1. What list of ³J(HN,Hα) values in whole Hz, one per residue of the stretch 326-333 in order, does the Karplus curve 6.51 cos²θ - 1.76 cosθ + 1.60 (θ = phi - 60°) give from phi, with Gly and Pro shown as x?
2. Sort 118-127, 33-42, 251-260 by the packing proxy (mean of other Cβ within 10 Å over each peptide's residues), most packed first.
3. Pull up the cross-link candidates among the aspartates and glutamates for K33, meaning alpha carbon to alpha carbon under 17 Å and not fewer than 8 places away within one chain.
4. Angle, helix 169-182 long axis vs. longest principal axis of the chain, Cα atoms, 0 to 90°, nearest 10?
5. Report the rotationally averaged projected area of the stretch 241-372 based on its alpha-carbon convex hull, in square nanometres.
6. So which chymotrypsin sites (Phe, Trp or Tyr not before Pro) in the stretch 44-102 are both in a DSSP loop and have at most 11 other Cβ atoms within 10 Å of their Cβ?
7. Just to check I understand the Karplus step: with θ = phi - 60° and J = 6.51 cos²θ - 1.76 cosθ + 1.60, what whole-Hz values come out for the stretch 26-42, glycine and proline as x?
8. Of all the Cα-Cα pairs you can form in the stretch 180-302, what percent are over 20 Å apart?
Amino acid sequence: MPARSLPENLPERIVIVGGGAMGLASAWALCEKGVRVTVLEAGKAGQGALWASGGMLAAGFETCFELDSDHPLADPYADLLSQSLQLWRDWAPRLQAASAVALGYDPQGAVTPAFSQADEARLDQAEALAERFGVTAERISGEALTGLEPTLARARGALLFPSDAQLDNRALGSVLSDAIRARGGDIAEGCRVTGLDMTAGRVSGVVVEEGERLAADAVVLATGAERFADMPSFAQITPVKGQMIRFDATDLQVPQRVVRGLSIYLAAKSGGRLIAGASSEPGQAGLDTDPDTLERLTKAAQAALPALQGRAVVESWAGLRPCSSDAMPIVGEASPGLYLALGAYRNGVLTAPGMAELVVQALGASSRSACADFFSARRSGLKA
């Protein structure tokens, strides 16, 4: 561990509950500052929503197509997405240097095709939002899209996001775990936390399933969509289920960029994996899949990429996106000794570095940014 040169009031022992993208990213960012960190994960680190996700680093697409532009936090959230994407350019090579597992970081960009007149209208709206939020986006013709991505179905045009990226989400948990341990952090798998330990009105540790109490100077809850008995009422999370499918594309030419379609997305991963998704089912907490949804995803993928016609789906699964009451991240101190890193919703992998930096700031390991107040656990919008 590096020598500590941090503020005196920085907690000495930090426990992070949850070994997903947010918990592991926060742990690594704190370890980089020389803090003693232990991650407690009920299952295996890097599983859950992280393993089930698409590994998208799609700040441009998410800002222009998925962000509610009328939301009171729309502008700071667009900034968080952009800043997180920039952080990944630094994080990816540094994390990769700490692990033999290939992270699969790919900054080749993303493209959103328009296959109908209605799609073109949505591209028009997205272009206007790109200008408002300062997103780099390029409108291209159908012919130009064919030149860039000849395997895609013929389109009327497209919006290109050259700065968007992706990584292998199924590798990220292992890579982050390796990096945390290399910096002196601990990860305890198969360790379910059942509650918080309190001393004189302050969180002083956690209680694990066997009843054992583990002391900590600060506890960070990064529990994703999992229910947690001692979660503050204003920070309750609603699961939003997403179903996904995978094709074996080892013998196919596939798009070089991520295809962020308006009814399907396609992303080529290592080992000939081509993933497609995803459904959005608010309030659904089960991890089962259903034939109708899988068939819809399959048909949409085959329509966008004709070479998939006749190809069987080789894997299907579901994951749970964690959505807060105002659909925005919750990061920061909730009560004495208790900190939250929750509500990443659709963008857990993308925002992991940005939210981790806010956790570091909240704990006093770096100076507080202007962004911190917008997503504070104490913001008025959460408690209204």
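The values are calculated or read from the model by the stated rules, or taken from the named source; none is laboratory data. Note that the structure is a prediction, hence the values are computed from the model and not measured. Heads up, the Cβs are rebuilt from the backbone with ideal geometry, glycines too, and the neighbour counts pull from every protein chain shown. Calculation scope for accessible area: heavy atoms of the full protein, side chains included, ligands and nucleic acids excluded. Shrake-Rupley method; radii C 1.70, N 1.55, O 1.52, S 1.80 Å.
1. Using θ = phi - 60°, the values come out as 10, 6, 10, x, 10, 9, x, 6 Hz.
2. On the way: 118-127: 15.5, 33-42: 22.1, 251-260: 18.8.
Per-residue mean Cβ counts within 10 Å order the peptides as 33-42, 251-260, 118-127.
3. Those aspartates and glutamates meeting the cut-off are E8, E12, D90, D178, D186, D217, E357.
4. The angle comes out at about 30 degrees.
5. Values: hull surface 41.8 nm².
For the stretch 241-372, the mean projected area of the Cα convex hull comes to 10.5 nm².
6. Details: sites: W51, F61, F65, Y77, W88, W91; in loops: none.
Here no chymotrypsin sites (Phe, Trp or Tyr not before Pro) fit, given the DSSP loop and packing criteria.
7. Karplus values, whole Hz, x for Gly and Pro: 5, 4, 5, 4, 6, 4, 4, 8, x, 7, 7, 10, 10, 9, 10, 10, 5.
8. Details: 4710 of 7503 pairs.
So the portion of pairs separated by more than 20 Å is 63 percent.
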